[in-house]
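A.B. asks: Quick one: this structure, given as structure tokens, is what I'll be asking you about.
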Amino acid sequence: MLSSDGMVAWVYILQSLRNERYYIGHTLDLQRRLSDHNAGLVKATRYLRPWRIVYREQHETPTAARKREWYLKRLKSRKAVDELIARKSVDQTEGPLLA
């Protein structure tokens, strides 16, 4: 899915390899954003590095991705996030696994 300007927006869920906690976010550049998280450039995630992507969704616009991110964050349930990941894991989506 591409927006009219050719950009793809992503919603992603990261899992800490340190304690298995999740972080939900959105971005236009998934690989760069994962690198930012793992380099300690994101305050909210720097102390739980390293991170891996366990889920991602494409959206046509950054606004749509942001709305979906807010929805997922409002779930406030690890069980709901686990179920979402189980239904559509990174391995089942298009594109390579980003590390």
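A.B. asks: Along the charge dipole of the range 27-69, pointing to its positive end and built from +1/-1 on Cβ of Lys, Arg, Asp and Glu, which listed residue (ALA44, LEU34, HIS59) has its Cα farthest out?
C.D. replies: Positive-most Cα among the choices belongs to ALA44.
A.B. asks: Residue separation times 0.36 nm, minus the C-alpha to C-alpha distance between ARG87 and TYR23: what's the value?
C.D. replies: 21.3 nm
A.B. asks: Could you list the chymotrypsin sites (Phe, Trp or Tyr not before Pro) in the range 18-71 that lie in coil according to DSSP, counting only those with at most 16 other Cβ atoms within 10 Å of their Cβ?
C.D. replies: none
A.B. asks: So if I place +1 on the C-beta of Lys and Arg and -1 on the C-beta of Asp and Glu, and nothing else carries charge, what would the dipole magnitude of the range 9-92 be about its Cα centre? I want it in debye, nearest 20.
C.D. replies: I would put it at about 360 debye.
Any read-out appearing in this document is the output of simple, stated calculations on the displayed coordinates, not a laboratory observation. None of these values were measured; they are calculated from a predicted model. Using ideal geometry, Cβ is built from the backbone for each residue, glycine included, and neighbour counts are taken over all protein chains shown.
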